[in-house]
Amino acid sequence: MKTAYIFPGQGAQFVGMGKDLFQANLANKALFEQANTILGFDITKFMFDGTSEDLQQTKVTQPAIFLHSVIGAFSLGENFKPDFVSGHSLGEFSALVAAKSISFNDGLKLVSERALAMQAACELEPSVMAAVLGLEDAIVEKICSQIPGIVVPANYNCPGQLVISGNMEAVNKACEELKNAGAKRALLLPVGGAFHSPLMQPAREKLATAIAKCDFTTPICPIYQNVNALPSTDTELIKENLVAQLTAPVRWTQTIQNMMNAGVSHYIEIGPGKVLQGLVKKIYPEAEVSSGLLPL
């Protein structure tokens with residue numbers, strides 16, 4: 001039986017996240033305090049005592065989820081034995097740090113740069129994402145391609161659940177057309193902008209510069225990346241895919257299908273929430289899923 005460790009992305013945050021990890025031992029506490037120094041603000045205050053609105057700020061959300069995930073993985077010590085790793089969007093960075101391809105400090109710096117760049121890109125024009133439920137991917141793709149403006153598939157989460165992304169007018173128009181085509185729901189999401197769409201091009205350029213300056217080493221196991229849903233240990237390819245990910249869709253459905261075909265039957269989610277465990281079960285009902293966070 002092969003095992004994959006999977007790491008969540010934006011949307012998994014919750015008020016009070018990480019406080020139990022912080023209180024568990026001095027090593028964890030030191031990492032959180034290190035993060036405050038690297039980020040230049042007290043992220044633990046937002047994580048442990050902030051409101052849900054505080055945690056929805058992209059510059060807070062992404063480092064917070066990264067910290068919860070990575071410190072959770074580090075807490076497993078020698079029990080962290082993946083055959084493969086993968087992460088959903090932001091989670092790809094958590095996966096690479098857990099798999100020892102990027103250092104904790106560099107990973108956090110990249111996540112912070114990414115979050116700030118994405119926030120800045122969001123402010124350039126009104127944009128949004130929407131969850132489409134109950135339609136085949138091919139129908140969603142076809143309708144999006146026929147809408148004027150920018151609206152594209154952004155997250156292939158599981159069969160019958162595809163998130164679209166683009167400028168406000170185009171996404172609203174697409175939602176109308178998708179409902180007419182039989183979608184059970186086409187619901188705007190409470191996010192800051194059009195992630196994983198061409199509107200993230202300015203952020204992609206900033207992230208590319210940051211990644212070029214960062215040291216990557218060969219991970220301890222292959223990572224399945226969002227852009228192509230394929231495994232890699234090639235650091236140059238991993239870096240290219242991380243950059244491309246900002247303007248390309250997250251192919252989560254295809255990733256789990258490919259892992260399944262590679263013999264992975266156990267999926268362990270490390271990080272806040274259980275979103276990915278739910279998606280895995282919808283893609284691969286026979287899979288064994290569990291949380292990788294130690295009981296504290």
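The residues of segment 241-250 that are touching a helix residue (DSSP H, G or I) at 6+ places or on another chain (Cβ under 9 Å) and either in a loop (DSSP other than H, G, I, E, B) or surrounded by fewer than 18 Cβ atoms within 10 Å (Cβ to Cβ) (or both), listed by number, are 244, 245, 246, 247, 248.
With the requirement that a residue be assigned to a helix (DSSP H, G or I) and modelled with pLDDT of 95 or more, what does segment 78-96 give you? Walk me through it before giving the result.
Of the residues in segment 78-96, the ones assigned to a helix (DSSP H, G or I) are 78-79, 91-96.
Selection gives 91, 92, 93, 94, 95, 96.
Among the residues of segment 30-70, those identified as of a type in the set (Phe, Trp, Tyr) and part of a helix (DSSP H, G or I) are 32, 46, 48, 66. Checking residue 58 against (1) surrounded by fewer than 24 Cβ atoms within 10 Å (Cβ to Cβ); (2) under 30 Å from residue 1 (Cα atoms); (3) among the β-branched types (Val, Ile, Thr), only one condition comes out false. Which one? Residue 58 satisfies all of (1) surrounded by fewer than 24 Cβ atoms within 10 Å (Cβ to Cβ); (2) under 30 Å from residue 1 (Cα atoms); (3) among the β-branched types (Val, Ile, Thr) except (2).
Check segment 167-184 and report whether any residue there is touching a strand residue (DSSP E or B) at 6+ places or on another chain (Cβ under 9 Å) and part of a strand (DSSP E or B). The answer is yes, given that some residue of segment 167-184 is touching a strand residue (DSSP E or B) at 6+ places or on another chain (Cβ under 9 Å) and part of a strand (DSSP E or B). Restricting attention to segment 185-234, the residues that are of a type in the set (S, T, N, Q), closer than 24 Å to residue 85 by Cα and part of a helix (DSSP H, G or I) add up to 0. Exactly one residue out of 47, 17 is within 19 Å of the chain's Cα centre (by Cα), modelled with pLDDT of 95 or more and over 30 Å from residue 265 (Cβ atoms), and it is 47.
Quick one: is residue 108 crowded, with 22+ Cβ neighbours inside 10 Å, in contact (Cβ under 8 Å) with a residue 60 or more places away in the chain and either assigned to a helix (DSSP H, G or I) or more than 22 Å from the chain's Cα centre (by Cα) (or both)? The answer is yes for residue 108. Taking first residues from segment 46-67 that are farther than 16 Å from residue 8 by Cβ and in the same structural domain as residue 117 (by TED's automatic domain parsing) and partners that are assigned to a helix (DSSP H, G or I) and aromatic (Phe, Trp, Tyr), the Cβ contacts under 6 Å between residues at least 6 apart in sequence or on separate chains come to 54/46.
The values are calculated or read from the model by the stated rules, or taken from the named source; none is laboratory data. The structure presented is a predicted model; accordingly, all values stated were derived computationally and were not measured. Neighbour counts are summed over all protein chains in view; Cβ atoms, including those assigned to glycine, are modelled from backbone coordinates with ideal geometry.
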